[in-house]
1. Of everything in segment 52-71, what is modelled with pLDDT of 95 or more and among the acidic types (Asp, Glu)? Give them in sequence order.
2. Identify, please: which residue in segment 9-29 is in contact with a helix residue (DSSP H, G or I) (Cβ under 8 Å, 6 or more places away or on another chain) and at pLDDT 70 or above and is, among those, surrounded by the most Cβ atoms within 10 Å (Cβ to Cβ)?
Amino acid sequence: MNDKEELLNELMDVIGEEGCGVSCEEATLFKDEEGWKLMLGGFMAPWNLGQTVEEAKTSIQEYASMGFGLA
């Protein structure tokens, strides 16, 4: 499994299929010079997740706990 697949799996594990719905189906996860970013359908700009896979996983968990379109 590559890093992108690992993060997409984390997204589904944290939120679950019911909580994620269309947002996760339309999710775009990518890494650029600033680090990992997540673009969900319906949001105008990507969310910064962090430089490493572990930082990105932590950010996904934090966003989900705050309900930012992920629950």
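The values are calculated or read from the model by the stated rules, or taken from the named source; none is laboratory data. Note that the structure is a prediction, hence the values are computed from the model and not measured. Every residue, glycine as well, gets a Cβ built from its backbone with ideal geometry; the counts of neighbours run over all protein chains shown.
1. 54, 55, listed by residue number.
2. Once the filter is applied, the top-ranked residue is 11.
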